[in-house]
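Shown next, in structure tokens, is the structure this report addresses.
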Amino acid sequence: MSEQRVGIVTGGGRRWGMGWQIAMGLANKGLDLAIADIREDWGKEAAESIKAETGRRVIFVKTDVSKRDSVQAMTAKVIAEFGRVDVLVNVAVLTEGWDNPRCDCVIVARGCESEALWIQMVGRGLRPFEAKLDCLLLDLQGLTHTLGRPDAAATYSLEGAGITLATSADVGDRLCKVCKAPLGKSLVCVGCGKDHTPPVPRALDLELTDWQEGWEAAKSQLAPSRVILALAGILHKQELARSKGKLWKPGAAEFRFQMIFRRRPYPNEMAAARNMVRAAQNFGATGDHA
């Protein structure tokens, strides 16, 4: 078997997304790659651009990660092409329900405010397997300090937080997000007064709809160009960040657009993209789906 390392990056087709950036980084480190994405146009473009810039072998495999048959077919194609897989990068996909007990290293690069999701993500590497002695956890966001060790004793419930750490000894390593003072079981830091109470979801008197449903309806109604579609996707990410209190720097959306299309967006393109985002957001409230 060849000693050349091989990686799979799911969701790596969007040039403005984390998956594409990780794929480029892996290729620059010498890995051959398979880009798995549901969008064939974006996926092929990503594979070709990464191959051209790094000189590595890069293929695209159209994959719907929500369907087991599609994932199995993708894996079989990658094995047939490269003969091995050394690194699997999932971008908001394999956080739970994915079972590969051979996995002995988990790198968490995303943020998380849920103890349940935190345990699920790390649990991908905690399953026992023959000759497997341990699992290396690389916590790049410091979640161990805010949510506790994933192997600590926990209390499970169908109400409230769902999963809470069992005793004060288990949460002794939790630190304040501001001053880094030990929190213990307290939700309010005694050092700086920072309140760490988990946010309570806000209920709206609207029918629950999937964002993707509204997005597809807006695409069908407005028939946007590829440029407008990409820009609207960037603006939607900006809105999501704002809703979580994480404001982008001024001009960040335009900069991401420029990274993809090598130019700044025109005013009419910004207006059209904002209109598409509003149409998708208002889909659940207008009754268009009825």
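Using a ≥ b ≥ c from the Cα gyration tensor of the range 6-139 (square roots of the eigenvalues), is it rounded, prolate or oblate, where a/c under 1.5 gives rounded and otherwise the larger of a/b and b/c decides, a/b for prolate?
Prolate.
By per-residue mean of other Cβ atoms within 10 Å, what is the highest-first order of 271-277, 191-197, 107-113?
271-277, 107-113, 191-197
What whole-number distance in Å separates the alpha-carbon centres of the range 30-52 and the range 235-254?
Computed from Cα coordinates, the inter-centre distance equals 26 Å.
Would you tally the net charge around residue 69, using a Cβ to Cβ cut-off of less than 14 Å, leaving residue 69 out, and scoring K and R as +1, D and E as -1?
Working: positive: 62, 67, 68, 77; negative: 64.
Around residue 69, the surrounding residues sum to +3.
If you average 1/r across every pair of different Cα atoms in the range 211-282 and take the reciprocal, what Kirkwood value do you get, in Å?
Evaluated over the range 211-282, this radius sits at 12.4 Å.
Counting only C-alpha contacts under 8 Å and six or more residues apart, can you give the relative contact order of the range 6-139 as a whole percent?
Working: 227 pairs, mean separation 29.0, N = 134.
Relative CO of the range 6-139 lands at 22 percent.
Sorted by average packing, counted as other Cβ atoms within 10 angstrom per residue and highest first, what order do 27-40, 252-265 take?
Final packing ranking: 27-40, 252-265.
Can you tally the net charge around residue 249? Count Lys and Arg as +1, Asp and Glu as -1, for every other residue whose Cβ sits under 14 Å from the Cβ of residue 249. Don't skip to the answer; put the middle values down first.
Values: positive: 237, 242, 246, 256; negative: 254.
Within the 14 Å Cβ shell, the charges total +3.
Can you tell me which lysines have their Cα less than 20 Å from the Cα of residue 244? Leave out same-chain residues fewer than eight positions away.
Leaving aside lysines fewer than 8 places away in the same chain, those within reach of residue 244 are 177, 194.
If amide H atoms are built 1.01 Å from N in the plane of the peptide, which residues on other chains or at least 5 residues away come under 5 Å of the amide H of residue 175?
146, 183
Each reported figure results from applying straightforward, stated rules to the coordinates on display, with no laboratory input. Because the structure is predicted, anything quoted here is derived from the model rather than measured. For neighbour counting, all protein chains shown are included, and Cβ atoms are generated from backbone atoms with ideal geometry for every residue, glycine included.
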